[in-house]
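Values quoted throughout were computed directly from the atomic coordinates according to the rules given, and no laboratory measurement underlies them. Everything numeric here is computed off the predicted structure, so don't read it as measured data. Reconstructed Cβ throughout: ideal geometry from the backbone, glycine too, with neighbour counts over all protein chains shown.
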Amino acid sequence: MDLVTGAEVAVALTVPVDRHHLWDLVTAIERIGEWSPETTGARWCDPATGPAEFARFVGHNRFPSGRESTVTCVVTEAERPSTFAWHVLDPDGEVGSIWRYDLRDTDDRGATAVRHTFTHGPGTTGLRTSAGQDPRSIDDRLVSLCRIMTTTIVAMATDRTRGARR
């Protein structure tokens, strides 16, 4: 029985940032290291220079254990200013995880409802390895991801540049 594939966590927040500005921040993958407690950086792979379906980027992560990883990601949806989604590939090119931001206007002018989701794919990941040793690690990781995702969104929303790319 596969306890990992399909494991999912989602966070939903309303932030005081215009949806177009938040889209600029969410898709500024080269700045993610400024906001995320786990992802230390990312860069678009040539010839991609920004968010578009099938564009690839490389992300760098540092986990609380001290372990570091570099992953290749493929954009699966980039619909300005509503949706940005990507797959993280494992070393064999299988989908290790699926990430998604959905941005919606709210009744409050200048605010955006954000839903950020993580879904584990069938590929090989650190979570799959950990779960093989201790199935309880799945819940621990999902709780950790919820905190990380929330922290990242709040940091983006309070960013003083509000959508400006460096």
Across SER65, SER137, SER82, the residue with the highest GNM fluctuation in the chain (Cα network, 10 Å cutoff) is SER65
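Where does each of VAL143, VAL58 land when they are ranked from fewest to most other beta-carbon atoms within 10 angstrom?
Details: VAL143 11, VAL58 14.
Result, fewest neighbours first: VAL143, VAL58.
What's the magnitude of the charge dipole for region 12-157 around its Cα centre, counting Lys and Arg as +1 and Asp and Glu as -1 at the beta-carbon? Answer in Debye, nearest 20. Spell out each step's value before the answer.
Values: 15 positive and 20 negative charges, 47 e Å.
Result for region 12-157 is approximately 220 debye, rounded to the nearest 20.
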Highest-MSF residue in the chain out of ASP105, ASP90, ASP140 [GNM, Cα springs under 10 Å]:
ASP140
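For a footprinting-style exposure proxy, rank ILE153, ILE148 by other Cβ within 10 Å, fewest first.
On the way: ILE153 25, ILE148 19.
In increasing order of surrounding Cβ atoms, one gets ILE148, ILE153.
Counting only DSSP beta bridges with both residues in region 12-157, tell me the antiparallel percent, nearest 5. Provide the component values of the computation, followed by the final result.
On the way: 39 of 39 bridges.
Just about 100 percent of them are antiparallel.
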Pop out the ³J(HN,Hα) list for region 117-122 in order, Karplus 6.51 cos²θ - 1.76 cosθ + 1.60 with θ = phi - 60°, rounded to Hz; leave Gly and Pro as x.
10, 10, 10, 6, x, x
Within 10 Å of each residue's Cβ, count the other Cβ atoms and sort THR152, THR70 from fewest upward.
THR70, THR152
So what's the angle, to the nearest 10 degrees on a 0 to 90 scale, between helix 137-157 and the longest Cα principal axis of the chain?
20
